[in-house]
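These notes are about the structure you will find just below.
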Amino acid sequence: MPEREDRQTAARLLRIHGKVQGVWYRASAQTEATRLGLCGWVRNRLDGSVEALVIGPLPAVETFVAWAHQGPPQARVTRIDISIAKDEITDGFEQRPTA
């Protein structure tokens, strides 16, 4: 019997551009991912973007991606690059150091 779509695990790597550092983007992303039951991580990038790996049921990942286009109130997202990622073993959703 085929798996239902909502039980499929999806992994997406997001690169979020715009005014996304210094506006609580990482902390807000961690809160939203945890609320959705996702695993993964988020970190600042030296070029001023934010990078996030989100892993979980496809509908929850899609909900996070929709949230990421807005982010926290002071963020100004101009673009998000999204790619399919490998599932990575993580314990919950964490903030990682700048890369």
Run GLU51 past the list (1) charged (D, E, K, R); (2) under 12 Å from ARG12 (Cβ atoms); (3) not in a strand (DSSP E or B) and report the number of the one that doesn't hold. (3)
Would you check which residues across the stretch 22-40 are surrounded by fewer than 17 Cβ atoms within 10 Å (Cβ to Cβ), in contact with a strand residue (DSSP E or B) (Cβ under 8 Å, 6 or more places away or on another chain) and farther than 18 Å from GLU88 by Cβ and list them? ALA27
Contact list please: Cβ distance under 8 Å, first residue in the stretch 38-58 and closer than 14 Å to ARG26 by Cβ, second residue of a type in the set (Ser, Thr, Tyr), pairs at least six apart or on different chains. GLY40/THR90; TRP41/THR90; VAL42/TYR25; ARG43/THR98; ASN44/THR98; ARG45/THR98; VAL50/TYR25; LEU53/THR90
Is one or more of the residues making up the stretch 58-66 surrounded by 19 or more Cβ atoms within 10 Å (Cβ to Cβ), within 10 Å of ALA11 (Cα to Cα) and touching a helix residue (DSSP H, G or I) at 6+ places or on another chain (Cβ under 8 Å)? no
Only listed residue being of a type in the set (A, V, I, L, M), modelled with pLDDT of 95 or more and farther than 20 Å from VAL23 by Cα, chosen from ILE80, ILE84: ILE84
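The values are calculated or read from the model by the stated rules, or taken from the named source; none is laboratory data. Keep in mind the model is a prediction, meaning the values are calculated, not measured. Using ideal geometry, Cβ is built from the backbone for each residue, glycine included, and neighbour counts are taken over all protein chains shown.
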